[in-house]
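Below you'll find the structure, written out as structure tokens, and then a few comments.
The values are calculated or read from the model by the stated rules, or taken from the named source; none is laboratory data. Here the structure is a predicted model, which means the values were calculated and not measured. Reconstructed Cβ throughout: ideal geometry from the backbone, glycine too, with neighbour counts over all protein chains shown.
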Amino acid sequence: MSIKTATLNGVATIEIARPEKKNALTQAMYQAMADAINAAQEDGSVRALLITGQPGIFTSGNDIEDFMQRPPQSIDSPVFRFMQALVASDKPVVAAVTGAAIGIGTTLLLHCDFVYVSDESRLAMPFVSLGLVPEFASSVLVPGLMGQRRAAEKLLLGDPFTGEQAVECGLANAVLPATEVVAHARRVAERFNALPPSAVRDSKRLMRGPHREQVLATIAAEAELFGQRLRSPEAMEAFQAFFQKRQPDFSKFE
């Protein structure tokens with residue numbers, strides 16, 4: 001398993017630990033993260049969650065080979081269990097991002113309460129370039145956060161952006177040197193040990209409540225289209241090009 005979990009001083013840490021594969025996520029890893037979030041939700045000693053990766057890499061997104069061999073078949077697939085668990089958590093979630101955060105590595109940040117990025121972070125949501133569509137409610141949350149014009153750059157063109165730009169557009173709280181990101185994020189998470197836990201949970205539910213049903217409905221709608229797109233000729237061309245280490249050719253598609 002390439003997900004490490006630990007609970008210390010009221011903080012449940014979920015660490016993506018597969019550096020040899022650039023922290024690419026498999027279905028088993030999604031299930032492990034879903035289980036860890038749900039366990040933290042039920043653990044009365046946990047006041048906050050911390051999600052982090054490895055030095056220099058948060059996650060490169062889906063493991064393409066695993067994804068093709070075990071594509072999500074329904075909303076009950078491990079990747080969607082992870083999404084549902086993160087959306088449902090009423091405890092504060094803090095993310096510490098160094099290096100690359102690709103695909104779901106960026107979209108999961110939309111569902112965290114605090115996001116701290118390093119000065120060498122690079123974020124991207126290249127779904128369309130893979131013949132796919134946005135996921136994790138990013139099709140509604142990113143335009144709401146950044147506006148339609150910037151969202152089009154990030155979601156339609158898949159333009160990468162820096163940690164500084166993530167702060168500017170409201171996706172992240174602050175940029176720090178790479179060596180300081182995790183420690184700073186942990187300090188923020190530990191601050192909840194001194195706050196009344198029920199008041200924190202109730203406040204988070206109030207903050208997220210007005211949009212929760214829209215988020216869940218969008219995740220489901222995206223999932224249906226995502227599944228269709230996975231079987232599309234465009235996606236097949238994109239994935240074949242990835243494995244053959246060449247540029248995809250979409251000129252034959254209309």
Failed criterion for Met207 (all others in (1) closer than 23 Å to Val97 by Cα; (2) within 21 Å of the chain's Cα centre (by Cα) hold): (1)
Any pair with Cβ under 7 angstrom, 6 or more apart, that starts in region 169-184 at a residue that is within 16 Å of Leu141 (Cβ to Cβ) and ends at one that is in a helix (DSSP H, G or I) and among the small types (Gly, Ala, Ser): Ala172/Gly163; Ala172/Ala166
By residue number, the members of region 36-64 that are out of contact with any Phe, Trp or Tyr (no Cβ under 8 Å at 6 or more places or on another chain) and either free of Cβ contacts under 8 Å to residues at least 24 places away in the same chain or assigned to a loop (DSSP other than H, G, I, E, B) (or both) are Glu42, Asp43, Gly44, Ser45, Val46, Gly53, Pro55, Gly56, Ser60, Gly61, Asp63
Looking at region 100-117 only, could you name the residues that are under 18 Å from Gly170 (Cβ atoms) and either part of a strand (DSSP E or B) or among the hydroxyl-bearing types (Ser, Thr, Tyr) (or both)? Ala101, Thr106, Thr107, Phe114, Val115, Tyr116, Val117
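Would you confirm whether or not region 4-17 contains a residue that is assigned to a loop (DSSP other than H, G, I, E, B) and farther than 30 Å from Gln240 by Cα?
Yes.
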With the structure loaded, tell me whether Ile104 is hydrophobic (A, V, I, L, M, F, W, C) and modelled with pLDDT of 95 or more or whether it fails that test. yes
Tell me whether region 130-149 contains one or more residues that are crowded, with 17+ Cβ neighbours inside 10 Å, in contact with a strand residue (DSSP E or B) (Cβ under 6 Å, 6 or more places away or on another chain) and either modelled with pLDDT under 95 or not acidic (Asp, Glu) (or both). no
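Take region 242-254 and flag every residue that is of a type outside the set (Lys, Arg) and either assigned to a loop (DSSP other than H, G, I, E, B) or farther than 18 Å from Val133 by Cα (or both).
Result: Phe243, Gln244, Gln247, Pro248, Asp249, Phe250, Ser251, Phe253, Glu254.
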